[in-house]
Every structure is written in C-alpha cells, then in structure tokens.
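Novice: Below: one structure in structure tokens.
All of the numbers you see were taken from the coordinates with simple rules; none came from a lab. Only a predicted model underlies this, so the values are computations on that prediction, with no experimental measurement involved. So basically every Cβ, Gly included, is an ideal-geometry build from the backbone, and we count neighbours across all protein chains shown.
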Amino acid sequence: MDPSSKQGKEQPISIYQGHALIVTTVVGVGVLYMQRGIAQTAGADGIWTILLGGLLAMLELYILTKLLQRFPKQHSTVWMPRLLGSEKRSGVGKILALPFFFAIALFWISASALACRTFGEVLVTAIFPLTPMSVILLTLLVTAVFVASTPVEVIARFNEFLLPVLYLPVILIFAVWAKEGEWLNMLPLFQLSWKEAGLGILVSFFAFSGSSIVFAFMGYYQQPEKAVKAHMSAIAVIILIYWIVTAASVAVFGPDELKRLMWPTLDLVKSAEFPGMILERLESGLIAIWVVAVFTTLVNLLAALIDIIVRLFRIQDRSRKWIGLALIPVLYFLAIWPKDIQDLFFWNWIVGVYSPLVSITVGLILLAIALLRRKKGGDPHVPTPPTS
Amino acid sequence: MFPLLRPVRGWAVLCMLLALTGCWDAREVEERTSVIALGVDAHPQGYEVTVQVPNPLKVVGSGGSGGGGGEGGQAAVQLFTGVGKTLNDAMNEIRNQTNQRIFFGHTQLLMLGDQMARKGISGMLDALRRQQEIRRRQWALVVKGKAKDAMKASPKLEQIPMEYMVYLIANGVREGRYSSEGLSDLYSNIFNPGKQPILNFIEAEPEKVRWLGLAIMNKDRMVGLLPRKESQVLLQLRDEEVGESFNTPCHKRGYIVFQPQGLKRDVRIQFQGIRPVIRVNVDLRGEIVEKSCDVDLSRDPVIHALEKQVRRRYEHLAQTMVARLQKQFRTDACNFGNRVRAYYPQKWKQLDWSEAFSQADVRVNYHVKILRIGLEAK
C-alpha cells in the first residue's frame with residue numbers, strides 16, 4: 001500500500017502548502033507600515049538591511065525546520081514531552097514541555113490580536129472613519145476563528161488557494177515604483193555606522209515574525225524531509241515582497257518623507273495613477289486585497305493555537321470550534337487593550353521582538369537537548385495520539 | 001456546524017442578514033458635497049478657505065436637464081468660504097454652510113494665494129497630510145492675488161471653471177511646458193533636504209486663466225516668481241522637460257523660431273575645495289517652426305549657423321536663470337543639491353547647501369540639433 005495514502009488523514013499538508021503557510025502567515029498587516037520603521041532606523045539603507053534581516057529570518061526558520069525534521073510526522077505535542085521527559089514517566093516531559101508551548105502560544109495569541117487591531121486601525125483611518133473599532137474587530141475575529149477551527153487540511157488548502165492573491169498588490173507596487181520612483185532617492189547608500197546598521201538589520205528582521213507556526217503544522221507534513229527547501233523558498237518570497245515594498249517606498253517618497261508616513265504602503269498606492277482615470281483611489285482596492293493577507297495571518301496563527309491546545313489537552317478534534325469560540329473574548333480583549341495608536345505600535349514592536357527571540361531560544365534549546373540526548377523521531381509510524 | 005445553534009439557525013441567519021444590509025460609513029454619491037478645488041488664502045485671522053463645488057443639477061448630461069444643455073461657468077458651481085485660525089477651523093465654517101457632508105475625495109486642485117505661499121504653507125500642508133480624504137495626486141498651484149478670486153473666474157470653454165485650470169495645466173505638462181509637480185511632489189520636495197519645490201503660478205481673469213511662470217519655493221515658502229521664458233529653461237534643467245518654442249535672432253535681420261522636441265540633460269558636479277562646480281550639458285533636438293529672415297534652410301552651413309544661434313540663446317537664458325536663482329532667490333530650484341546629497345554624502349554633511357549653491361560655479365552648455373524645418377523646403 002502506498003504510504004502516503006495510508007497517512008492521508010494524519011499527514012495532510014503537501015510541501016507547497018507548507019510553503020504557502022509560511023508566506024501567508026508572515027506577510028500580513030506589517031507590510032502596510034514596516035518600511036516606516038526601517039526608514040527611521042536605516043534611512044535609504046533600509047534597501048539592503050531588509051535583505052540581511054531576511055537572511056536572519058531564514059536562519060531562524062532553518063533552526064526550527066532542522067529541529068522539527070528530527071521528528072518527522074510527529075506532532076510537537078508528541079515529540080516534545082518525549083524529548084524532555086523520561087521514558088518511564090511521560091507526565092514529567094509533558095510538564096516540562098508546557099512552558100515552551102506557552103511561550104510560543106503567547107506569541108500566536110498576541111500577534112493575532114494585534115494584527116487584528118492594527119488592520120482595524122488601517123480600516124478606520126483609511127475607509128471607515130465612523131465604524132466602531134469593536135465592530136471591525138469582532139467581524140474579523142469571528143470570521144477568522146470560524147475558518148481557523150476547521151481541520152488542518154482545510155487550513156492548508158485555504159492558504160494554498162489564497163497565496164497568489166498576495167502577489168497582486170506587489171505587482172501593483174512594482175509598477176508604481178517603475179513609474180514614480182526616483183533613483184536619487186535611494187542614494188546615498190552605506191552611510192550607516194556599524195551600530196546603526198546592526199539596528200537597521202534587527203528592525204528589518206523583526207518584520208519577519210510568524211514562522212513559528214511550523215511548531216503546529218510541521219507534524220502534518222507529508223514529506224518533512226523536503227521542508228527546508230519549501231521553507232527557505234517561502235522566506236525568499238517574503239524577502240522579495242518586503243524588498244519591493246521597501247525599495248519602492250524609498251524610491252517614491254525618499255527616506256525623509258517615508259519616516260513621516262503613518263501607512264506608507266497606502267500612500268504608495270495613492271501615488272499611482274491609473275490610466276484613463278477609471279480607478280482614482282486605488283488604496284481602497286489595495287485594502288480590499290490586503291484583507292486576504294491579514295486574514296490568512298490571523299487564521300494561521302489562530303489555527304496553530306487551536307491545534308496545539310486541542311492536541312496538548314487531548315481534546316476531541318471536532319471541538320475545535322468551541323475552543324475557537326472561547327478564544328474570541330480573549331483575543332478581543334487583547335486587541336482592544338492598546339489604548340491608542342502609539343501604544344499599538346509599541347506592542348507591535350514588542351511582539352515583533354518577542355517572536356524571533358522565542359523561536360530561536362526555544363529552537364536552540366530543544367535542538368541542543370535533542371543532540372545531547374541523541375533523540376530522534378525514530379519510527380514515524382508511531383501513531384499520533386487518538387484524536388477522535 | 002454548531003449543533004447547539006440548530007434550533008435558532010433560522011433566526012441567526014436572519015439576524016446576520018439584517019446586519020449585512022449596510023455599513024456605518026455608507027455615504028452615497030448624492031449625500032456628499034464633492035469639492036473639486038480647494039483654495040487657501042492668508043487671512044489676518046489665519047486662513048481663508050474657499051471650495052468650489054459643482055452643482056450636479058446644472059452639469060450637462062445630468063437627469064435634471066434631460067441630457068441637454070446645462071449651464072456653465074459660475075452658474076454650474078457654488079463657492080463656499082470659511083475663515084479660521086487653523087485650516088480645519090476654516091473648513092468647519094464651510095461645513096456649517098453645506099447641506100451634505102463635505103467630501104474632498106475628488107478634489108483635483110489645490111490653489112494657494114500668493115500671500116499664503118509667501119507666508120509659508122507647512123502648517124496647512126500638515127492638515128492636508130493628516131486627512132486621508134485628500135488625494136496626493138492633485139495639482140497644487142500658486143495664484144496671483146487671492147485663490148478665492150481666482151475661483152470666481154469663469155472661462156467659457158469648460159462647464160466647471162476649475163476643470164479649465166486642471167486641463168490647462170495637464171495639457172501644458174503633456175507638452176513639457178509646465179511643471180508636472182503636484183501635491184505629492186510638493187510633500188516630498190519639502191521633506192527631502194536636497195530638493196526644493198516649484199509650483200505652477202497662474203493668474204486668473206474674469207473669463208481667462210493664464211500661466212505666468214514658476215513659483216520658486218524655499219521649502220514651504222515661496223520666494224519669487226520666475227518669468228515664463230526662464231521657467232522653461234528651469235524645467236529643462238530640473239525635470240528634462242522640453243519647454244516651449246523660442247524665437248532666436250537670425251544672423252541676418254529677423255527671427256527664426258525653434259521648437260524643442262527632445263531633450264537629454266546631464267549634470268556633473270565636482271568640488272574645488274568646498275566650492276561646487278556644476279556643469280550641465282543639455283542635448284536639445286527640435287525643429288524650426290517659423291522663419292522671418294532671408295536664409296536658405298536647405299543648406300547645411302545655414303542650419304549649423306542657426307544651431308549655434310539657438311544654442312547661444314538658450315545658454316544665455318540659462319545663465320540668467322541660474323544667476324537669478326543664486327543671487328535673487330538663493331534657492332536651488334534646479335535640485336543640484338539632491339545630487340550632492342546622493343553622490344557626495346560627505347560633502348553634503350559639511351556644506352550648508354543654500355549658501356554653497358549661491359556661491360557655486362554653474363555653467364550650462366547646450367547642444368542644439370535642428371532635425372526638421374517643417375513643411376517648407378527652404
């Protein structure tokens with residue numbers, strides 16, 4: 001019997017879907033404003049710090065992928081207790097694994113709540129000045145939870161299907177760059193001191209948060225041995241998207257104006273002229289498309305969260321939606337918490353720093369333990385715990 | 001999906017449908033007062049804001065007039081004016097006069113009275129930048145006198161007076177005679193330390209509008225008006241626009257008129273110590289469109305001689321213009337500073353560019369090529 005069909009239910013995620021999951025999770029609302037922070041720290045040099053920041057993000061995901069590849073086709077909730085605990089008493093491992101899960105899940109829940117609020121702020125400033133924030137937040141959250149509580153294979157297909165949509169605005173931004181960009185705005189390059197350059201690279205790196213979802217999803221990969229390629233290509237695609245957005249913003253506005261724009265990507269699209277004056281206000285169109293990008297981020301983070309909760313506490317698979325429903329108030333509370341937009345950007349910054357910090361720390365600790373204790377996934381056909 | 005909801009599913013769907021009927025921010029087109037042009041003047045109190053609003057009932061093709069006539073000029077629009085210490089203060093006065101919500105999403109023109117422009121516009125630009133409704137893509141002009149009075153002009157050829165101005169500018173830009181820089185460029189020119197904004201300067205008469213030249217700005221303040229001919233040369237040096245035709249004295253009596261059609265500009269900057277040495281080479285190609293002297297244009301030596309004449313004329317104009325920028329306005333409207341910023345970052349940090357520019361050694365060289373002489377063979 002063909003092994004892949006045997007594992008069809010347990011191992012539903014194809015390698016391309018894994019690629020799509022990473023891209024759609026990392027690319028989200030941050031694309032609407034991350035260039036501003038990069039311009040503030042690195043000026044025109046943001047054009048290359050974003051590339052180096054992306055390489056750091058690649059390194060981060062590489063560590064995670066290598067770690068998870070040692071335990072192919074096993075869910076994190078299965079291998080992590082085994083890795084940490086003793087053979088005899090499985091309870092010890094589970095308790096030791098809890099802080100790790102908590103650290104990662106804290107990122108997922110706060111990042112999704114903040115993404116929701118940030119996009120809400122975009123909507124309120126750009127198109128719906130009179131709509132209450134709570135209505136926007138609840139609409140986004142309820143819809144996202146509704147999708148996120150579907151089985152993992154649905155999430156994977158959802159991402160696979162929506163990935164191409166993310167490319168549309170990038171093409172548009174590229175066109176704006178070609179038309180409105182000024183070469184001189186991107187000069188002079190390499191004016192940073194070492195310290196400033198380091199900071200610029202770090203700030204660029206923090207824009208790439210979200211790849212820790214592999215902790216939830218990689219256990220479902222059909223071919224985890226090919227994951228490195230899929231994940232690295234995903235980060236490469238994200239670097240390309242970010243680079244186009246950053247370089248286009250620098251070229252069109254110049255670093256000095258870019259620093260002052262609240263949502264530079266919207267202004268970038270506003271600067272575009274559509275021939276024939278058919279579509280005059282393209283930024284509404286961009287936001288409409290960007291709903292998809294934000295939504296996939298939300299859904300993936302929440303799905304990862306729900307998946308870990310369900311697996312960790314051995315909750316029945318069809319109860320996912322109840323977990324999701326229970327999460328809505330928490331998410332709403334977190335989302336409404338930042339008291340104003342400055343506070344929101346502050347928390348976005350904190351979560352942006354926290355994400356790579358926790359992924360790399362957790363990844364390296366676990367990898368070190370795995371190497372020291374010489375633990376490997378062993379038999380991939382060990383059944384994952386019964387879920388239904 | 002939600003088994004507990006099954007009994008109330010019908011009601012749940014109904015409630016959702018009711019909630020889906022609209023959104024908070026729905027404002028239909030007829031529920032808006034769409035501003036086509038926004039004028040800002042200086043006022044003893046602060047700002048005087050004037051907006052021009054087209055009246056949909058009076059515009060051709062609307063239902064009211066049965067697709068027929070319609071009225072034009074000032075009959076087709078209404079003006080609203082408000083005064084205030086801040087721009088929003090003034091706009092609030094306008095809001096209190098209009099029956100519907102005032103909407104700036106379709107504004108195509110920002111007009112600044114020259115008093116306003118000379119006083120400095122950064123305060124009011126801040127108000128515009130914060131408003132998401134204001135498009136970056138709109139024309140910004142300086143008008144002679146008050147913007148409010150310019151809005152009262154009613155040229156006959158266009159139904160909505162401000163559209164006349166928009167087309168006037170758009171057309172001139174297409175032909176390379178006017179500055180193509182709108183509000184978006186104004187913003188980035190103000191914030192880019194190496195650049196200076198320029199704006200089209202127009203004059204409005206009761207039934208006419210006229211482009212007078214370029215308003216030279218030192219960041220957010222207008223420092224002077226560059227006359228028409230010199231403005232053309234500035235556009236050539238700054239934006240590689242072709243500019244309008246010039247008459248050049250023939251070497252015999254009379255004139256020939258050269259119409260530039262293509263242009264390539266090359267700026268080289270070097271430093272003698274801290275003094276910038278700027279050399280601009282302009283490659284100009286075009287045709288002769290008029291001749292009032294007695295020369296035979298079919299002969300090569302004649303053409304060469306004329307090319308030299310045209311070249312001299314342009315170089316002279318360019319030197320006058322640059323000298324005016326250096327001495328009178330002390331403003332680097334050619335944006336040479338941006339090149340220094342980009343290519344000589346170390347020098348840029350040491351220099352006070354506005355000072356350095358006025359001391360700079362600038363020379364403009366033209367290379368003129370006459371490609372055609374029109375339908376006349378001689």
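Novice: Set the Förster distance to 25 Å, then compute FRET efficiency between B:Val257 and B:Asn281 from the Cβ-Cβ distance, nearest 0.05. Display every interim value, and only then the final one.
Specialist: Numbers: r = 24 Å, r/R0 = 0.95.
Once the sixth-power term is evaluated, E becomes 0.60.
Novice: Now, a different point. Once every Cα of chain B carries one equal point scatterer and solvent is ignored, give the base-10 log of I(q)/I(0) from the Debye formula at q = 0.09, 0.12 Å⁻¹, two decimals.
Specialist: Once normalised to I(0) and log-transformed, intensities are -0.65, -0.97.
Novice: Using only the Cα atoms of the range A:13-92, construct the convex hull and provide its projected area averaged over every direction, in square nanometres to one decimal.
Specialist: Numbers: hull surface 30.6 nm².
Its Cα hull, projected and averaged over all orientations, spans 7.7 nm².
Novice: Check cross-link reach from B:Lys369 to the lysines: straight Cα distance under 26 Å, and skip same-chain residues fewer than eight apart.
Specialist: Qualifying lysines at Cα under 26 Å: B:Lys229, B:Lys252, B:Lys264, B:Lys291, B:Lys308, B:Lys378.
Novice: Treating the angle as unsigned and between 0 and 90°, give the value, to the nearest 10°, between the Cα long axis of helix A:194-206 and the longest Cα principal axis of chain A.
Specialist: Result, in degrees: 60.
Novice: Under the definition of partner shielding as Cβ atoms of other protein chains within 10 Å of a residue Cβ, what is the mean value for peptide A:248-258?
Specialist: Per-residue shielding by partner chains comes out at 3.
Novice: Quick one: check the C-alpha center-to-center distance for the range A:342-360 versus the range A:228-251, whole angstrom.
Specialist: Cα centroid of the range A:342-360 versus Cα centroid of the range A:228-251: 20 Å apart.
Novice: List the residues whose amide H sits under 5 Å from the amide H of A:Ser209, counting only those 5 or more places along or on another chain, with H placed 1.01 Å from N in the peptide plane.
Specialist: Residues meeting the amide H criterion: none.
Novice: What's the local net charge at B:Gly254, with K and R +1, D and E -1, over the other residues with C-beta under 15 Å away? Numbers along the way, then the final one.
Specialist: On the way: positive: B:Lys252, B:Arg253, B:Lys291, B:Arg313, B:Lys378; negative: B:Glu290, B:Asp294, B:Asp296, B:Glu376.
Once positives and negatives cancel, what remains is +1.
Novice: Which order results if A:Phe101, A:Phe253, B:Phe271 are arranged by neighbouring Cβ count within 10 Å, fewest first?
Specialist: Details: A:Phe101 20, A:Phe253 29, B:Phe271 15.
Ranked by crowding around the Cβ, least crowded first: B:Phe271, A:Phe101, A:Phe253.
Novice: In peptide B:121-133, how many Cβ atoms from other protein chains are near each Cβ within 10 Å, on average? Before the final figure, lay out each step's value.
Specialist: Working: counts 0, 0, 0, 0, 0, 1, 0, 0, 5, 2, 0, 12, 3.
Taking all residues of B:121-133 together, the mean is 2.
Novice: Can I ask one more? Could you tell me which helices of chain B pass both thresholds, a Cα extent of 24 Å or more along their own axis and a mean Kyte-Doolittle hydropathy of at least -0.5, with helices taken as whole DSSP H runs? Numbers along the way, then the final one.
Specialist: Values: long enough: B:300-323 (34 Å, -0.54).
Flagged H segments: there are none.
Novice: For the range A:12-372, what number of Lys pairs, 8 or more residues apart or on separate chains, have alpha-carbon atoms under 20 Å from each other?
Specialist: Working: A:Lys66/A:Lys226; A:Lys66/A:Lys229; A:Lys73/A:Lys94; A:Lys73/A:Lys226; A:Lys73/A:Lys229; A:Lys179/A:Lys270; A:Lys195/A:Lys259; A:Lys259/A:Lys270.
Pairs that pass both the separation and distance tests number 8.
Novice: Between B:Glu240, B:Glu48, B:Glu31, which gets the highest mean-square fluctuation from a Gaussian network model of chain B, Cα cutoff 10 Å?
Specialist: B:Glu31
Novice: I've got another one for you. Determine ³J(HN,Hα), in whole Hz, for all residues of the range A:364-372 in sequence, where each value follows from phi through the Karplus function 6.51 cos²θ - 1.76 cosθ + 1.60 and θ = phi - 60°; x replaces Gly and Pro.
Specialist: Result, ordered by residue: 5, 4, 5, 5, 5, 4, 4, 5, 5 Hz.
Novice: Taking the alpha-carbon distance from B:Lys85 and a cut-off under 18 Å, which lysines remain once sequence neighbours fewer than 8 residues away in the same chain are dropped?
Specialist: Excluding near neighbours in sequence, the set is B:Lys119, B:Lys146, B:Lys148.
Novice: To the nearest 20 debye, what is the magnitude of the charge dipole of the range B:235-378 about its Cα centre, counting +1 on the Cβ of each Lys and Arg and -1 on the Cβ of each Asp and Glu? If you can, show how the numbers build up before the last one.
Specialist: On the way: 26 positive and 18 negative charges, 89 e Å.
Dipole size: approximately 420 debye.
Novice: Given +1 on the Cβ of Lys and Arg, -1 on the Cβ of Asp and Glu, and no further charges, what dipole in debye does the range A:12-372 carry about its Cα centre, rounded to the nearest 20?
Specialist: Numbers: 24 positive and 20 negative charges, 311 e Å.
With Lys and Arg at +1 and Asp and Glu at -1, about 1500 debye.
Novice: Using a Förster distance of 30 Å, how high is the FRET efficiency between B:Leu17 and A:Val291, based on the Cβ-Cβ distance and rounded to 0.05?
Specialist: On the way: r = 21 Å, r/R0 = 0.70.
The formula returns an efficiency of 0.90 here.
Novice: Still on this model: Name the most mobile residue of B:Pro161, B:Pro44, B:Pro56, meaning the one with the largest mean-square fluctuation, in a Gaussian network model of chain B with Cα contacts below 10 Å.
Specialist: B:Pro44
Novice: Tell me which of B:Gln309, B:Cys293, B:Gln272 sits at the most positive position along the dipole axis of the range B:240-378, charges placed on C-beta atoms (Lys, Arg +1; Asp, Glu -1).
Specialist: Value: B:Gln272.
Novice: Quick check: pseudo-label points 7 Å beyond the Cα along Cα→Cβ at B:Gln359 and A:Leu371, how many nm apart are they?
Specialist: Output for this residue pair reads 6.1 nm.
Novice: Scan around B:Gly224 for amide H atoms under 5 Å from its own, H built in the peptide plane at 1.01 Å from N, and keep only partners 5 or more places away or cross-chain.
Specialist: Answer set, sorted by chain and number: B:Ile216.
Novice: Here is a follow-up. Quick one: Cα centre-to-centre distance for the range B:151-207 and the range B:228-269, in angstrom?
Specialist: 21
Novice: Could you tell me, in Å, what Rg and Dmax come out for the Cα atoms of the range A:12-372?
Specialist: When restricted to the Cα atoms of the range A:12-372, Rg and Dmax are 20.3, 74 Å.
Novice: Note the per residue figure in Å³ for the convex hull of the C-alpha positions in the protein assembly as shown. Show your work: numbers first, answer last.
Specialist: Working: hull volume 169.5 nm³, N = 766.
Convex hull volume per residue, Cα atoms: 221 Å³.
Novice: How do A:Trp322, B:Trp348 line up, fewest other C-beta atoms within 10 Å first? Please report the intermediate quantities before stating the final value.
Specialist: Working: A:Trp322 15, B:Trp348 20.
With the fewest neighbours first, A:Trp322, B:Trp348 line up as A:Trp322, B:Trp348.
Novice: Continuing with the same structure: Compute the FRET efficiency between B:Glu175 and A:Leu357 as 1/(1 + (r/R0)^6), taking r as their Cβ-Cβ distance and R0 = 60 Å, and round to the nearest 0.05.
Specialist: Details: r = 58 Å, r/R0 = 0.97.
After rounding, the FRET efficiency stands at 0.55.
Novice: Just how far, in whole angstrom, is the range A:34-62 from the range A:280-304 if you go by their alpha carbon centroids?
Specialist: Using only Cα atoms, the two centres lie 22 Å from each other.
Novice: Of all DSSP beta bridges in the protein assembly as shown, what percent run antiparallel (nearest 5)? Intermediate values should be presented prior to the final figure.
Specialist: On the way: 48 of 75 bridges.
Here the antiparallel bridges make up roughly 65 percent for the protein assembly as shown.
Novice: So how compact is the range B:227-378: Cα radius of gyration and Dmax in angstrom?
Specialist: 17.4, 57
Novice: How long are the semi-axes of the equivalent ellipsoid of the range B:31-226, taking √(5λ) for every eigenvalue λ of the Cα gyration tensor, in whole Å from largest down?
Specialist: On the way: eigenvalues 140, 79, 43 Å².
Each semi-axis is the square root of five times an eigenvalue, giving 26, 20, 15 Å.
Novice: Skipping prolines and chain starts, which residues have an amide H placed within reach, meaning under 5 Å, of the one on B:Gln261, given they are 5 or more residues away or on another chain?
Specialist: Amide H to amide H, under 5 Å and 5 or more residues apart or across chains, B:Gln261 pairs with B:Arg285, B:Gly286, B:Glu287.
Novice: When the dipole is taken about the Cα centre of the protein assembly as shown, and only Lys, Arg (+1) and Asp, Glu (-1) are charged at their Cβ, what size is it in debye, to the nearest 20? Walk me through the numbers before you get to the answer.
Specialist: On the way: 85 positive and 64 negative charges, 367 e Å.
The dipole magnitude comes to about 1760 debye.
Novice: May I pose another question? Any idea which of B:His251, B:Gly262, A:Leu325 is furthest toward the positive side of the dipole for the protein assembly as shown, if Lys and Arg beta-carbons carry +1 and Asp and Glu beta-carbons -1?
Specialist: Selected residue: A:Leu325.
Novice: What's the average, rounded to a whole number, of partner chain beta-carbon atoms within 10 Å of each residue's beta-carbon in B:338-349?
Specialist: Values: counts 5, 2, 1, 5, 9, 3, 1, 5, 2, 0, 2, 1.
Mean partner-chain Cβ count within 10 Å for B:338-349: 3.
Novice: In Å, the Kirkwood hydrodynamic radius of the range B:258-320 over pairs of distinct alpha carbons? Please report the intermediate quantities before stating the final value.
Specialist: On the way: mean 1/r = 0.0719 Å⁻¹.
This gives a value of 13.9 Å.
Novice: Just to check, using Stokes-Einstein with a Kirkwood Rh over alpha carbon pairs, what's the diffusion coefficient of the range A:297-354 at 37 °C and 0.692 mPa s in µm²/s?
Specialist: For these conditions, the coefficient is 255 µm²/s.
Novice: Send over the Kirkwood Rh of the range A:28-163, from the inverse of the averaged 1/r over different Cα pairs, rounded to one decimal Å.
Specialist: So the Kirkwood estimate lands at 18.7 Å.
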